[in-house]
Amino acid sequence: MSTPSKPRVATTSLCGCFGCHMSILDIDERLFALADLVEFARSPINDYKEFDGRCAVGIIEGGCCNEENVHVLEDFRKHCNILVSMGECAINGGIPAMRNNLPLRECLEEAYLKSPGIWNPAGILPNDIEIPLLLHRVYPCHEVVKIDCFIPGCPPPADAIWDTVVALLTGKPVTLAYERLKYD
Amino acid sequence: MSNVTFTIDGREVSGRAGQTILKAAEASGIYIPRLCAYKNLVPHGSCRVCSVRVNGRIQAACVQTISDGMVVENDSAEIREFRTAILDMLFVEGNHYCMFCEKSGLCELQALAYRFGITAPQYPFLNPDRPVDLSHPDVYLDHNRCILCGRCVRVSQELDHKNVFQFVDRGYRKRLQVNGEALAATRLAVTDEVTASCPTGALMRKRVGYAVPIGQRPFDAQPIGAGNLQTEDSP
């Protein structure tokens with residue numbers, strides 16, 4: 001098992017597609033170096049669902065589209081020294097933010113009542129207490145909590161993630177090389 | 001024509017009387033970032049991305065003419081910050097989704113943001129409600145990506161002599177309008193110069209998207225202004 005002296009890294013996917021987490025895996029054989037360098041706290045990578053202590057770095061994929069996203073993001077802010085927005089959804093809301101100029105009810109009616117192939121004779125919109133309430137619009141993470149560092153891209157290149165994480169963990173300034181700063 | 005000598009960031013530059021700072025700089029191999037400036041058009045001075053400090057005052061380099069002994073500040077930390085703020089505003093005012101935009105990698109707005117190393121805008125997103133005009137058989141107009149630079153308005157008037165586009169309303173409500181019910185009802189043809197003039201993905205040819213593979217697009221490997229920009233050919 002890992003030694004407790006290693007810096008701890010937490011990651012999560014809020015309103016994202018997990019593409020950015022796929023891009024983390026794209027660092028290929030450097031995953032071994034990463035495993036030597038850090039210990040993963042709460043993350044989909046180890047499937048830990050809760051924080052059990054402070055973390056050096058928290059990496060957020062996706063923006064905030066529902067109340068649960070906001071709670072998780074605030075929890076990350078509370079437990080992480082440095083919070084990183086990873087990918088376009090975390091930075092500008094991404095594809096989910098395309099609903100931002102439409103009323104929420106219109107989106108729900110389109111999805112559950114009006115779309116071709118829908119079978120919903122009772123005309124019910126999902127409102128179970130187990131389902132997190134949707135926000136009226138999708139927020140980028142830095143409009144909800146303080147974010148310290150951004151890695152753009154959809155998804156960000158694996159090298160951009162690697163360079164940023166290594167710089168943060170070694171206390172160096174984070175600068176993305178020109179060819180690693182991408183919005184697509 | 002008389003020669004005019006002035007300095008840009010301490011470097012001595014000479015140009016012809018009546019030349020703008022932007023063109024004199026370009027002739028001397030100095031790139032000044034710009035968006036609304038376009039070859040063979042009368043300068044417009046609307047986007048303010050080319051702003052420089054001239055003898056202590058902020059001026060648009062595309063419209064300000066040069067004079068002897070002028071001191072121009074182009075690449076200082078202050079001017080870079082100023083331009084970054086303008087680019088940030090252009091991004092939050094519209095709906096710019098680079099991840100599926102056909103212009104991505106060829107877009108001058110995106111390329112400038114790359115050049116200035118913008119990772120996230122400093123202002124909150126407005127997410128305006130803007131229409132998309134798909135009526136024309138060969139060209140579409142996506143107002144979500146329009147930055148109101150006025151290139152299409154001017155190219156259509158000055159080069160195509162058709163006057164297809166106009167600005168309507170003012171201030172925050174200012175928007176682009178076509179002179180007709182929709183794009184299809186105008187005299188716009190796909191072969192018009194205006195079709196290729198949009199710096200962003202607002203005015204685009206249909207059915208030719210994503211033609212250049214990622215990695216080979218103009219701004220993938222080197223920043224805008226590093227020799228890959230359309231050059232201003234007339235004085």
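Every number here is computed from the coordinates shown, using simple stated rules; none is lab data. If you're wondering where the values come from, they're calculated on a predicted model, not measured in any experiment. Reconstructed Cβ throughout: ideal geometry from the backbone, glycine too, with neighbour counts over all protein chains shown.
Overview of results
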item: Chain B: proportion of alpha-carbon pairs further apart than 28 angstrom, %; result: 33 percent
item: Neighbourhood net charge (9 Å Cβ-Cβ; Lys/Arg +1, Asp/Glu -1) for residue B:74; result: -2
item: Cα-centre dipole for chain B with unit charges at Cβ (Lys and Arg positive, Asp and Glu negative), debye to 20; result: 280 debye
item: Cα-based convex hull volume of segment B:46-92 per residue, rounded to whole Å³; result: 63 Å³
item: Alpha-carbon centroids, segment A:81-133 and segment B:131-180: separation in whole Å; result: 32 Å
item: Reachable aspartates and glutamates, given that their alpha-carbon falls under 19 Å from the alpha-carbon of residue A:78 and they are not under 8 places away in the same chain; result: A:39, A:50, A:52, A:61, A:67, A:68, A:143, A:148
item: Lys/Arg +1, Asp/Glu -1 at C-beta; segment B:138-221 dipole; positive extreme among B:189, B:177, B:218; result: B:177
item: DSSP loop GluC sites (Glu not before Pro) with at most 12 other Cβ within 10 Å excluded, longest remaining stretch of chain A; result: A:51-129
item: nm² value of the averaged projected area, convex hull over the Cα atoms of the protein assembly as shown; result: 24.8 nm²
item: Around residue A:70: net Lys/Arg minus Asp/Glu count, Cβ-Cβ under 12 Å; result: -4
item: Total formal charge among the other residues, if their Cβ is under 9 angstrom from that of residue B:44, Lys/Arg +1 and Asp/Glu -1; result: +2
item: Antiparallel %, DSSP beta bridges [both residues in the protein assembly as shown], to 5; result: 60 percent
item: Out-of-range pairs (alpha-carbon distance over 20 Å; input A:182/B:39; A:6/A:182; B:39/B:162; B:23/B:103); result: A:182/B:39; A:6/A:182; B:23/B:103
item: Values of log10 I(q)/I(0), in the order q = 0.15 Å⁻¹, for chain A under a Debye, Cα-only, solvent-free model; result: -0.87
item: Whole-number D in µm²/s for segment B:83-208 (Stokes-Einstein; Kirkwood sum over Cα pairs; 25 °C, 0.890 mPa s); result: 163 µm²/s
item: At 0.890 mPa s and 25 °C, Stokes diffusion of segment A:19-69 via Kirkwood alpha-carbon radius, µm² per second; result: 194 µm²/s
item: Tilt relative to chain B, helix B:77-93 - C-alpha long axis, 0 to 90 degrees, to 10; result: 10 degrees
item: Directionally averaged projected area (convex hull, Cα atoms, segment B:3-75), nm²; result: 4.3 nm²
item: Chain B - mean residue ellipticity at 222 nm from DSSP helices (-39,500 (n - 2.57) per run, n ≥ 4, rounded to 500); result: -4500 deg cm²/dmol
item: Computed [θ] at 222 nm, helices only, for chain A once each DSSP H run of length n ≥ 4 contributes -39500 (n - 2.57); result: -7500 deg cm²/dmol
item: Segment B:3-75 - share of DSSP beta bridges that are antiparallel (%, nearest 5); result: 85 percent
